[in-house]
Amino acid sequence: MQIKTILNRVQKFKSFVYGTVRLVEGTPVPTLEVEIQPRSNSRPVCSGCGHKGPGYDRSPERLFEFIPMWGHKVFFRYAPRRVDCPGCGVRVERMPWVSGKHRLTEAYAWFLASWAKRLSWKEVAEAFRTTWDHVFYSVERAVIWGREHQDLSGVEAIGVDEIAWQRGHRYLTLVYQIDSHCKRLLWVGEKRTVKTLLRFFRWFGKDRSQALKFVCSDMWKPYLKVIARKAGNAINILDRFHIMAHLSKAIDEVRAGEAKELKQKGYEAVLTKTRWLLLKRPENLTETQDTKLSAMLQYNLRSIRSYLLKEEFQLFWSYASPYWAGQFLDKWCTKTMRSKIEPMKKVARMLRRHRPLLLNWFRAKKQFSSGIVEGFNTKAKLTTRKAYGFRTYRAAEIALYHALGALPVPKTTHVFF
Ligand SMILES: [Zn+2]
């Protein structure tokens, strides 16, 4: 059997035929070259308008990189014809194995993009002996194609989240679809301002925005403002994940301040290495941690009192009726305001200010658990943290869409992957 036979099985072109396949001597990586010829009597297709036209002449031969096999790089060798197009003038012909002027074949680009879902871009480049730029180009193409072909109908619930990026100096705003039948990343934008979220709604379109029923978000003011204006029919829910994150941050702040204070007074042992202990739920503690926590509870420390306040706040989520949840919230806030612990009081004030939005979660019958946005948040951080050259915003954006966008791919991609 000839290699040609396999090629014809996996990728057959109507107007072109595979010619001789030869081993190229003297290359650092073993290389195969596959000659391509136009089928006899076929007329070239203009790359400008897609119409067939009379041939004009032929350009010099070019190489197009195909999927490597058995440790060999594979190239198509072809001298493109030029078309004398009545509409566009003299133009190079359209070649079905490649898009635009790039030297990677479509098949190879989809192949690399598929692997880039499983491995880091750097690993893909190494595994297939290609460059990071080629992997990036392939993923970018896949994302552009996928976003052009994705179905945006029936989106009823979205979650708005932000992640710190580039060592926390900058933020990205992420919008997810969080419907039970479909969960995916819909949109990424730079920063977390009013303008950022306005750009999302402009992209998403007026009709679709009006059709939204639920929007989950943090208590971040610019977001709340835009959501109220652009998704007027939706219930804005402050999600549990973000609220608990504010409390954890407050505890962290209290603990750090107090540990420093104690150290100055000579009591250092009590609070060292307790950071995770205070941030964990009691049921997740190991036995040693549990013992340590019990020991710590003997001290009337601000950290411990903050920890207990946070634990108490967990009860809030167990209410069924918004009315009783509201009563609980008010009591908790009053108690916390009396605690004299400034970081915790700050959270209590914030919760009070957003009371109606907080209770929306109960009005929405708790159907949006904190798990959805939290899960996406973790994955998004992981994706951007893989430092594989995501120094530019564009690369981070493309990586996020590729990893979390659940984007469609053309049917033919599955032949090679
Ligand atoms: Zn044309």
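The values are calculated or read from the model by the stated rules, or taken from the named source; none is laboratory data. What you are looking at is a predicted structure, and each value in this text was computed from that prediction instead of being measured. Cβ atoms come from the backbone with ideal geometry, glycine included; neighbour counts cover every protein chain shown.
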Point to revise | Unmet criterion (only one of (1) at pLDDT below 90; (2) of a type in the set (A, V, I, L, M); (3) in a helix (DSSP H, G or I); (4) surrounded by fewer than 19 Cβ atoms within 10 Å (Cβ to Cβ)) for Ile372 | key: (4)
Practice item. Could you tell me whether any residue of segment 287-295 is among the small types (Gly, Ala, Ser) and more than 23 Å from Pro356 (Cβ to Cβ)? Key: yes
**Study point:** Close pairs (8 angstrom Cβ cut-off, 6 or more residues apart or separate chains): among the acidic types (Asp, Glu) in segment 54-74, surrounded by fewer than 16 Cβ atoms within 10 Å (Cβ to Cβ) anywhere
**Key:** Glu61/Ala79; Glu65/Arg103
Review point. Just wondering, is there one or more residues in segment 20-34 that are surrounded by 18 or more Cβ atoms within 10 Å (Cβ to Cβ), under 21 Å from Ala109 (Cβ atoms) and touching a Pro at 6+ places or on another chain (Cβ under 6 Å)?
Key: no
Review point. Is it true that Asn300 is at negative phi and not in a helix (DSSP H, G or I)?
Key: yes
Exercise for review: Would you mind stating whether Thr384 is surrounded by fewer than 18 Cβ atoms within 10 Å (Cβ to Cβ), within 29 Å of Ile227 (Cα to Cα) and modelled with pLDDT under 90?
Suggested key: no
Revision key, fill the gap. Filtering segment 180-190 for residues that are buried (at least 16 other Cβ atoms within 10 Å of the Cβ) and out of contact with any Lys or Arg (no Cβ under 7 Å at 6 or more places or on another chain) leaves a count of 7
Review point. Somewhere in segment 22-34, is a residue among the acidic types (Asp, Glu) and either over 27 Å from Pro410 (Cα atoms) or under 35 Å from the mean Cα position of the chain (by Cα) (or both)?
Key: yes
Revision key, fill the gap. Those strands (runs of 3 or more DSSP E) completely within segment 1-105 that have 1 or more residues that are modelled with pLDDT of 90 or more and away from the ligand (no atom under 16 Å from the Cβ) are 16-24, 31-38, 55-58, 62-69, 72-78
Check your understanding: Among the residues of segment 142-185, how many are under 23 Å from Lys225 (Cα atoms) and of a type outside the set (A, V, I, L, M, F, W, C)?
Key -> 10
Study note, to complete from the structure: Of the residues in segment 108-119 that are out of contact with any strand residue (DSSP E or B) (no Cβ under 6 Å at 6 or more places or on another chain) and not charged (D, E, K, R), the one that is farthest from the ligand (Cβ to nearest atom) is Leu119
Practice item. Can you tell me which residue among Leu247, Leu224, Leu297 is within 19 Å of Ser369 (Cα to Cα), aliphatic (A, V, I, L, M) and surrounded by 12 or more Cβ atoms within 10 Å (Cβ to Cβ)? Key: Leu247
Check your understanding: What's the number of the condition Phe316 fails, among (1) closer than 20 Å to Gly371 by Cα; (2) assigned to a loop (DSSP other than H, G, I, E, B)?
Key -> (2)
